[in-house]
């Protein structure tokens, strides 16, 4: 199997001439990638095909194994993304279920705070409970008690005119 080494340079330089005849050189920093994507994989695979010995071509099984590994990696990345979205949705659902309930939360430094959850702040990366005008993360919840039960407002009875 052919080994391909990655070429990387930390700086790229370019020279340009100015109208007064002097030359200027600018150096731009290049940020190396830490992960390989699908395009990188296909480039490496194409390079392997170009540099392989025609008398000893790559075996079908090796090619299939490489494709299967890449496919498995892509599926793992997709599943991790889906799991993060599911976790976020679950946190929002849990936060919404606390609305109207009396909750005791860890206020830090060994103190607790209690009150009715009046709102949910979903503006950040994870929802926060609004209790007595203060924001608390879901992880701070220590105790949940049922909220005050209120009877529904009576509905007017439609009258039929005769």
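Listing 113, 121 from the residue with the fewest other Cβ atoms within 10 Å to the one with the most, what is the order? Working shown, then result.
Values: 113 16, 121 13.
So the ranking, lowest neighbour count to highest, is 121, 113.
Can you tell me the length gained on complete extension of the stretch residue 62 to residue 102, counting 0.36 nm per residue apart and subtracting the Cα distance?
Roughly 8.3 nm would be gained on extension.
Roughly speaking, what is the stretch gain from residue 46 to residue 134, that is 0.36 nm per residue apart minus the C-alpha to C-alpha distance, in nm to one decimal?
On the way: separation 88, 0.36 × 88 = 31.68 nm, distance 5.76 nm.
Length difference between fully extended and current span is 25.9 nm.
Given labels modelled 7 Å from the Cα in the Cβ direction, how far is it in nm from residue 160 to residue 109?
It works out to 6.8 nm between the two label points.
Of 105, 144, how do they rank once you tally other Cβ atoms within 10 Å and put the fewest first? Spell out each step's value before the answer.
Numbers: 105 24, 144 14.
If I rank by nearby Cβ atoms, fewest first, I get 144, 105.
A short reminder: the numbers here are calculations on the coordinates, not readings from a lab. Because the structure is a prediction, the values reported are computed rather than measured. Here Cβ is always computed from backbone atoms with ideal geometry, including for glycine, and neighbour counts include all displayed protein chains.
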